[in-house]
Amino acid sequence: MAPKAPYAPKVLKGTPAASGFSFPPEWHPHQGTLISWPRPEGISFPDRYHEAIEDVAGLIRVLVAREEVHLNVPNTNYERLVRAFLRARQVPLRRVRFHHIKTNECWARDHGPAVVLRSRRGRTEAAVVDWGFNAWGGKYPPYDADDAVPTGIAAALGLPVFYPGIVMEGGAVDFNGAGTVLTTTSCLLNQNRNPALLRPGVAGKAISKARVERYLRDYYGQRHVVWLGEGIEGDDTDGHIDDLARFLDERTIAIGIETNRRDPNYAVLRRARRALDQAHDQDGRPFEIVELPMPAPVSHEGQRLPATYLNFYFVNGALLVPTFGQKARDREALAILQRRLPTRRVIGVDCQALIWGLGAIHCFTQQIPRF
């Protein structure tokens, strides 16, 4: 049965921060997880689509044990095919909610909605922030369908929408839930995202850091920004933070560490580690830093892939961590995270095929916080 026709979302004026909204941390209880089903004709998994969707099925199997999965598919026929595929792999469908929303590619972290929350009269209210999306600086056109996803989800969930009018990707930012956002200069200050934010009169066409920070404060409801530099080898997003360093809780940041001095990630991660040593939270307090190993280099047909254990994803009662068929390193990363998060179950999810699309669990998902 096709979903009911959605309502037209109400457009909210002003900014989320001015209206009392803020973006919750990923560990805030989830109403569900958004996933966009990959298309075989898409560009994300050349020659490995059928392997990649086996990883997707495995991910959904883990997710539905803990929360709803909101699954974007283009139409009724796709829904029928995906239902049959998941059933054949014994994935329970009771908690899978299909949305007939077209996408160009499958990376819901970046094209999905940012759901902000506020408490009002004893109730939690939600709204969607529909950031612009241009396929990581115009690298992979077309992207018109992906750019429309947040408003489509707002319509499906009956939520109003804020429109900031600039490009922002979910994988470029991470939040501690107390007012601090973690990001990178190589991505957010890249002129391929928001040329309208170029600093007037500055040679080299530099993006204004102050103007970007204003958007982070106004539309995510944050108070403080921690900037790192560039991203890891193989990352085609110009350096998303979700491959580099992530919050584990309000005061703790996990970062990958490369021990091989010849690996290009060695210097990148050392610089990021030193920057975190100097960083502080919204109240001026230093962070506790947890170091995770990096996987051994993962490549496909000579191309370095952005394999990292930092691309984990918080779900209700658990943390899902990408694994890459490297038993010792996978086990070490999972053990470190389990020690740091004793109240959650840390679960490894095989991403050996998914990473061929240059992303893993966090890139593939977008949380819908409970409201």
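Values in this text are rule-based calculations from the coordinates and carry no lab data. All values derive from a computational prediction rather than experimental measurement. For neighbour counting, all protein chains shown are included, and Cβ atoms are generated from backbone atoms with ideal geometry for every residue, glycine included.
Expressed as a fraction of 2.2 N^0.38 Å, the value expected for a compact globular protein of N residues, the C-alpha radius of gyration of segment 294-371 is 1.12. Taking the chain as a Gaussian network of alpha-carbon nodes connected by springs under 10 Å, the highest mean-square fluctuation of the residues 347, 241, 153 belongs to 347. Taking a Cβ cut-off of under 9 Å around residue 124, the surrounding Lys, Arg, Asp and Glu residues balance to a net charge of +3, with basic ones at +1 and acidic ones at -1. Fully extending the segment from residue 338 to residue 47, taken as 0.36 nm per residue of separation minus the present Cα-Cα distance, adds 101.3 nm. Computed from the Cα positions only, the extents of segment 125-190 along the three principal axes stand at 37, 35, 16 Å, in decreasing order. Across the options 276, 244, 234, the greatest Cα extent toward the positive end of the charge dipole of segment 193-287 (unit charges at beta carbon of Lys, Arg, Asp, Glu) belongs to 276.
Please find the FRET efficiency linking residue 251 to residue 328, where r is the Cβ-Cβ separation and R0 is fixed at 41 Å, and quote it to the nearest 0.05.
Values: r = 30 Å, r/R0 = 0.72.
It comes to 0.90.
Taken over the alpha carbons of segment 36-185 as equal point scatterers, the Debye sum produces base-10 log I(q)/I(0) values at 0.10 Å⁻¹ of -0.40.
Expressed in nm², what is the orientationally averaged projection area of the convex hull enclosing the Cα positions of segment 17-369?
Working: hull surface 71.4 nm².
That works out to 17.9 nm², a quarter of the Cα hull's surface.
Using Cβ point charges alone (K and R +1, D and E -1), the dipole size of the chain about the Cα centre works out to roughly 1040 debye. Residue separation of residue 300 and residue 88 scaled by 0.36 nm, minus their Cα-Cα distance, works out to 73.5 nm of gained length. Measuring between alpha carbons in the structure, the pairs from 13/139; 102/209; 10/102 lying more than 29 angstrom apart are 13/139; 102/209.
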